[in-house]
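Structure incoming, see below.
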Amino acid sequence: MVTLTEPAANRIKEMMEQENEQDSFLRIGIKGGGCTGLSYGMGFDTEVNDGDEQFESNGIKVIVDVDSAPALKGTVIDFKQNMMGGGFTIDNPNAIASCGCGSSFRTATNAGTPTSDC
């Protein structure tokens, strides 16, 4: 489904400790928005809903909702550190277009709902 690289998993573990969320799942999903139509979302969750896909990647328990799963299949999430700070990068093989800032995308089967909030 989705792969977290070792640097991404390490950063997520740090964030879970900082926010006292060690027993939570990492929920990854998509929603309509962004200048290209779809945007990514990640956060901590303690609830697993019907239809959620559950798996583990580099020691992180991950859940993806049934509607987001097709657009996220094969995605790799990494964490890169540089002189300007650090951030997560997302390599989604299903994205056929993305915006210049990299925060929104669309797939061949899901154009989303583009907005001007890029």
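If you plug each phi of the stretch 77-85 into the Karplus form 6.51 cos²θ - 1.76 cosθ + 1.60 with θ = phi - 60°, what whole-Hz ³J(HN,Hα) values come out, in order, with x for Gly and Pro?
Karplus values, whole Hz, x for Gly and Pro: 10, 10, 10, 10, 10, 9, 5, 8, x.
Against the globular-protein guess of 2.2 N^0.38 Å, express the Cα radius of gyration of the chain as a ratio, rounded to two decimals. Before the final figure, lay out the partial values.
Working: Rg = 14.2 Å, N = 118, 2.2 N^0.38 = 13.5 Å.
Scaled against compact globular proteins, the figure is 1.05.
May I pose another question? Residue by residue through the stretch 32-39, which ³J(HN,Hα) values in whole Hz follow from phi under the Karplus form 6.51 cos²θ - 1.76 cosθ + 1.60 (θ = phi - 60°), with glycine and proline marked x?
Going residue by residue, I get x, x, x, 6, 9, x, 10, 10 Hz, with x marking Gly and Pro.
Which order, highest average first, do 34-44, 90-100 follow once you tally other Cβ atoms within 10 Å for each residue and take the mean per peptide? Spell out each step's value before the answer.
Details: 34-44: 18.6, 90-100: 15.2.
Ranked from most to least packed, the peptides come out as 34-44, 90-100.
Let me ask something else. Which residue, Gly59, Asn20, Gly74, has the largest displacement toward the positive end of the dipole of the chain when charges sit on each Cβ (Lys, Arg +1; Asp, Glu -1)?
Gly74
Here's a follow-up. Roughly speaking, what is the stretch gain from Gln54 to Thr109, that is 0.36 nm per residue apart minus the C-alpha to C-alpha distance, in nm to one decimal? Mind dumping the intermediate values first?
Details: separation 55, 0.36 × 55 = 19.80 nm, distance 2.32 nm.
That works out to 17.5 nm of additional length.
Continuing with the same structure: Nothing charged except the Cβ atoms of Lys and Arg (+1) and of Asp and Glu (-1): what's the magnitude of the dipole of the stretch 36-88 about its Cα centre? Round to the nearest 20 debye.
Values: 3 positive and 9 negative charges, 81 e Å.
Dipole magnitude for the stretch 36-88 comes out near 380 debye.
Can you give the relative contact order of the chain as a percent, counting alpha carbon pairs under 8 Å and 6+ residues apart? Mind dumping the intermediate values first?
On the way: 241 pairs, mean separation 39.4, N = 118.
About 33 percent, as a whole number.
If you count only protein heavy atoms with a 1.4 Å probe, what accessible area per residue comes out for the stretch 1-94, rounded to a whole Å²? Please list the in-between numbers first.
Details: 5300 Å² over 94 residues.
Result: 56 Å² per residue.
Once a ≥ b ≥ c are taken as the square roots of the eigenvalues of the Cα gyration tensor of the stretch 5-71, is the result rounded (a/c under 1.5), prolate (a/b larger than b/c) or oblate (a/b not larger than b/c)?
On the way: a/c = 1.90, a/b = 1.45, b/c = 1.31.
Here the stretch 5-71 falls in the prolate category.
Same structure again: Once amide H atoms are built 1.01 Å from N in the peptide plane, which residues 5 or more positions from Arg27, or in another chain, come under 5 Å H to H?
Gly43, Phe44, Asp45, Ile63
Could you tell me which of Ser98, Thr46, Ala8 has its Cα farthest along the dipole of the chain towards the positive end, charges placed at Cβ (Lys, Arg +1; Asp, Glu -1), taken about the Cα centre?
Going by the Cα projections, it comes out as Ser98.
How many percent of the accessible area of the chain is carbon or sulfur, using a 1.4 Å probe? Let's see the in-between values first.
Details: 3170 of 6850 Å².
Accessible surface attributable to carbon and sulfur in the chain totals 46 percent.
The values are calculated or read from the model by the stated rules, or taken from the named source; none is laboratory data. What you see is a predicted model; the values in this text were computed from it and never measured. Neighbour counts are summed over all protein chains in view; Cβ atoms, including those assigned to glycine, are modelled from backbone coordinates with ideal geometry. These area figures cover heavy atoms from the full protein model, side chains too; ligands, DNA and RNA do not enter into them. Shrake-Rupley method; radii C 1.70, N 1.55, O 1.52, S 1.80 Å.
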